[in-house]
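Here the structure comes first, spelled out in structure tokens, and everything after it is commentary.
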Amino acid sequence: MKIINKIAEMQQYSTLQRCEGKKIAVVPTMGFLHEGHLSLIDCARKEADIVIVTNFVNPTQFAPHEDLDTYPRNFEEDCKLCKERGTDIVFAPEADDMYCADRTTWVIEEKLSKHLCGLSRPVFFRGICTVVTKLFNITLPDIAVFGQKDAQQALIITRMVRDLNFPIEIIVAPLVREKDGLAMSSRNRYLNEGERHRGLVISRSLFRAEKMLVQNGIGRLGEVLSMIVDNISEAGGKIDYVEALDAATLEEPDENVKTLLLACAADFGKARLIDNVLVKIGE
């Protein structure tokens, strides 16, 4: 496995691999890897000849009051895990190389990003779309793998790739959970023992809601959402959102909806936990 830090070197490497007819997959990450990230690498390994994992804590997706400076990092351990999973390249650029001081260009998605996380984090998806576009232009992949845990992000990137004609296949891999049901996240390290235990209410409420919706359809959707809100609030979570939206459009569902994205975000202590389930209606 090779570590590349410079943009030009990364582009040269990928160009050479493509000229040799090799298929490239990229897994964009912000490091501090866990089993969820590693499952994305495994997926990429099955689909491509060359697997590139990007390791870059992207400053433009953080608002001034958010945790950019304290975001967990462990580059040495990340590289060890990547090597064990068969990664070919870890691309780890410096922020000053990725962003010019006088930059004035952004990539903005104007519809899907207005919901869920985009409401409370207004600069978030502008930063995501911009950095992913840059990483695509630098790593030159045929395939990019994202996780279902960040369902809105995956949907926005898929839309961006379609709308801007990137010649890249987007694969969305399943959400990976801890044994107790907690959705894996780098920010889980912020949780103390009590907060982690109370945070389990999110996944448990989502699973219960999924069963209720499969059995009864969306006719009792308001009741289902209220149940989730009440459970999280009683456990001491500070709710950002609890919503059920059309999984394809992120619009309010109607009676013809086929798949619901049941999603929530809540703070437990210093950790912002997000989670979701996809609910098939009428099957």
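The values are calculated or read from the model by the stated rules, or taken from the named source; none is laboratory data. Everything numeric in this text was worked out from a predicted model, so none of it was measured. Heads up, the Cβs are rebuilt from the backbone with ideal geometry, glycines too, and the neighbour counts pull from every protein chain shown.
Those residues that are without any contact (Cβ under 8 Å) to a residue 40 or more places away in the chain, in a helix (DSSP H, G or I) and either more than 28 Å from Gly181 (Cβ to Cβ) or among the basic types (Lys, Arg) (or both), I need them from the stretch 33-87; list them, please.
Across the stretch 33-87, the qualifying residues are Lys46, Glu76, Lys80.
Among (1) of a type outside the set (S, T, N, Q); (2) without any contact (Cβ under 8 Å) to a residue 40 or more places away in the chain; (3) surrounded by 19 or more Cβ atoms within 10 Å (Cβ to Cβ); (4) part of a loop (DSSP other than H, G, I, E, B), which single condition is Phe166 missing?
Exception for Phe166: condition (3).
Please go through the stretch 163-179 and give me each residue that is more than 17 Å from the chain's Cα centre (by Cα) and in the same structural domain as Ile143 (by TED's automatic domain parsing), ordered by number. Outline the logic, then answer.
Applying the first criterion (more than 17 Å from the chain's Cα centre (by Cα)) to the stretch 163-179 yields 163-168, 179.
Matches in the stretch 163-179: Asp163, Leu164, Asn165, Phe166, Pro167, Ile168.
If the Cβ limit is 6 Å and pairs must be 6+ apart or interchain, which residue in the stretch 177-204 that is modelled with pLDDT of 95 or more pairs with which residue that is surrounded by 15 or more Cβ atoms within 10 Å (Cβ to Cβ) and of a type in the set (Lys, Arg)?
Here the result reads Ala183/Lys149; Ala183/Arg177, each pair linking the stretch 177-204 to a residue that is surrounded by 15 or more Cβ atoms within 10 Å (Cβ to Cβ) and of a type in the set (Lys, Arg).
So if I check each of Glu255, Glu234, Glu283, which one is out of contact with any strand residue (DSSP E or B) (no Cβ under 7 Å at 6 or more places or on another chain), at pLDDT 95 or above and surrounded by fewer than 19 Cβ atoms within 10 Å (Cβ to Cβ)? I'd like the intermediate steps shown before the answer.
Working: Glu255 fails: at pLDDT 95 or above; Glu283 fails: at pLDDT 95 or above.
Exactly one of Glu255, Glu234, Glu283 is out of contact with any strand residue (DSSP E or B) (no Cβ under 7 Å at 6 or more places or on another chain), at pLDDT 95 or above and surrounded by fewer than 19 Cβ atoms within 10 Å (Cβ to Cβ), namely Glu234.
For the stretch 229-273, name all the residues that are part of a helix (DSSP H, G or I) and closer than 20 Å to Met184 by Cβ. Quick ask: steps written out before the conclusion?
Let us first name the residues in the stretch 229-273 that are part of a helix (DSSP H, G or I), namely 229-234.
Passing the criteria: only Ile232.
Hey, could you check the stretch 61-107 for residues that are of a type in the set (Val, Ile, Thr) and surrounded by 11 or more Cβ atoms within 10 Å (Cβ to Cβ) and say which is nearest to Tyr190 (Cα to Cα)?
At the first step, the residues of the stretch 61-107 found to be of a type in the set (Val, Ile, Thr) are 70, 87, 89-90, 104-105, 107.
After this cut, where a residue has to be surrounded by 11 or more Cβ atoms within 10 Å (Cβ to Cβ) as well, the list is 87, 89-90, 107.
Working: Thr87: 28, Ile89: 29, Val90: 26, Val107: 31 Å.
In this case the residue turns out to be Val90.
Do you know which residues across the stretch 258-283 are farther than 29 Å from Glu193 by Cβ and touching a Leu at 6+ places or on another chain (Cβ under 9 Å)?
Matches in the stretch 258-283: Thr259, Leu260, Leu261, Leu278, Val279, Lys280, Ile281.
Restricting to the stretch 116-163, name every residue that is outside any helix (DSSP H, G or I) and either in contact with a Gly (Cβ under 9 Å, 6 or more places away or on another chain) or not aromatic (Phe, Trp, Tyr) (or both). Steps first, answer last, please.
Start the filter on the stretch 116-163 by keeping residues that are outside any helix (DSSP H, G or I), which leaves 116, 121-123, 140-147.
Matches in the stretch 116-163: Leu116, Arg121, Pro122, Val123, Leu140, Pro141, Asp142, Ile143, Ala144, Val145, Gly147.
What are the residues in the stretch 206-227 that are surrounded by 12 or more Cβ atoms within 10 Å (Cβ to Cβ), closer than 16 Å to Glu255 by Cβ and not basic (Lys, Arg), if any?
Listed by number, the residues that qualify are Leu213, Val214, Asn216, Gly217, Ile218, Leu221, Val224.
Here's a check for you: in the stretch 42-60, which residue that is in contact with a helix residue (DSSP H, G or I) (Cβ under 7 Å, 6 or more places away or on another chain) and crowded, with 21+ Cβ neighbours inside 10 Å is farthest from Val131 (Cα to Cα)?
Ile50
Find all pairs meeting these conditions: Cβ atoms under 6 angstrom apart; at least six residues apart or on different chains; first residue within the stretch 5-26 and polar (S, T, N, Q); second residue assigned to a helix (DSSP H, G or I).
Gln11/Ile138; Ser14/Thr139
Restricted to the stretch 123-163, and to residues that are among the small types (Gly, Ala, Ser) and surrounded by fewer than 20 Cβ atoms within 10 Å (Cβ to Cβ), which residue is nearest to Gln61 (Cα to Cα)?
Residue satisfying both the conditions and the ranking: Gly127.
For the structure I just gave you, tell me whether Ala248 is within 30 Å of Met160 (Cα to Cα) and either surrounded by fewer than 14 Cβ atoms within 10 Å (Cβ to Cβ) or among the basic types (Lys, Arg) (or both).
Spelling it out, Ala248 is indeed within 30 Å of Met160 (Cα to Cα) and either surrounded by fewer than 14 Cβ atoms within 10 Å (Cβ to Cβ) or among the basic types (Lys, Arg) (or both).
Which pairs do you get when a residue that is free of Cβ contacts under 8 Å to residues at least 24 places away in the same chain, found in the stretch 255-281, comes within reach of a residue that is assigned to a strand (DSSP E or B) and surrounded by fewer than 22 Cβ atoms within 10 Å (Cβ to Cβ), reach meaning Cβ atoms under 8 angstrom, with the pair 6+ apart or on two chains?
Pairs that qualify, where the first residue is free of Cβ contacts under 8 Å to residues at least 24 places away in the same chain and the partner is assigned to a strand (DSSP E or B) and surrounded by fewer than 22 Cβ atoms within 10 Å (Cβ to Cβ), are Thr259/Asp246; Thr259/Leu278; Thr259/Lys280.
Quick check on the stretch 179-196. Is at least one of its residues buried (at least 18 other Cβ atoms within 10 Å of the Cβ) and among the basic types (Lys, Arg)?
yes
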